[in-house]
1. Would you mind ranking 56, 115, 149 by Cβ crowding within 10 Å, fewest neighbours first?
2. Contour minus end-to-end for residue 167 and residue 126, with contour as 0.36 nm per residue of separation and end-to-end as the Cα-Cα distance?
3. Could you state the number of Å between the C-alpha centres of region 132-176 and region 38-92?
4. If a paramagnetic tag sat 7 Å from the Cα of residue 80 along the Cα-Cβ line, which residues of region 116-139 would have the backbone N under 11 Å from that point?
5. Measure off 7 Å from each Cα along the Cα-to-Cβ vector at residue 48 and residue 174, then give the distance between these two points in nanometres to one decimal.
6. For region 42-173, what size does the Cα cloud have along each of its three principal axes, sorted from largest down, in whole Å?
7. Apply the a/c threshold of 1.5 to the C-alpha gyration tensor of region 96-151 and tell me whether it is rounded, prolate or oblate.
8. How many nm is it between the label spots at residue 142 and residue 154, if each spot is 7 Å from the Cα in line with the beta carbon?
C-alpha cells in the first residue's frame, strides 16, 4: 500500500488543478479540441449545397466546397448531419470565381495570375441567435503565368476551398 501525505502542497495543488480543469471544460457547452464551442443542446447540423452563382462557373466547385464543409463539421464536432432543419444550419452561394493578372513585369506582362473565389455564407444557431451571421468570405491563390489554369486549377481549388471551409467553421462555432 502506498501512503500519500495529504499535507503535501504539491499533491493538493495537482488535485485542485485537475478538478478545476475538468470542471471548466464541462461547464459551458460542448468543447472539442478543434476549438469548437457548441451549445450542449445542439445535436444536428444541416449544410445545404452552395450553388455557384458566379459569372464564371467552375463545374466542380459547388460540390467540392459543400462536401468539405460537411466533412469538417462531422469530423471536428459531435454534430450529426441532417438534410434540413438542423439545430445549426449553414447555407450560401459561390458569388465569385475569377482570375486576374498580378505582378506586372517589364513589357506589361503578368508574372503571376491570381485565382480568387468568393462565397456568401449564412449561419443559424437556433439555440444561440446572437451567433447567427451572414458574411462574405474570399480566398485566393497565385500561380505562374507560364502555367495554364487548367493544369493547376484542381490543386488551387483544393487549397482555396480548404481555407474557405476553415473561415466558415471558425466564424460559425469557434469562439476564441
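1. On the way: 56 9, 115 21, 149 12.
By the 10 Å Cβ count, ascending: 56, 149, 115.
2. Details: separation 41, 0.36 × 41 = 14.76 nm, distance 2.07 nm.
Extra length from residue 167 to residue 126 when fully extended: 12.7 nm.
3. With region 38-92 and region 132-176 each reduced to a Cα centre, they are spaced 15 Å.
4. Flagged as within label range: none.
5. 2.6 nm
6. Principal extents (largest minus smallest coordinate, Cα): 58, 26, 24 Å.
7. Details: a/c = 5.56, a/b = 3.56, b/c = 1.56.
Prolate, since a/c reaches 1.5 and a/b exceeds b/c.
8. Distance between label points: 2.6 nm.
We did not get these values from a lab; they are worked out from the coordinates using the rules stated. Since the structure is predicted, the reported quantities are computational estimates derived from the model, not experimental observations. Cβ sites come from the backbone with ideal geometry, for glycine too, and all protein chains shown count toward neighbours.
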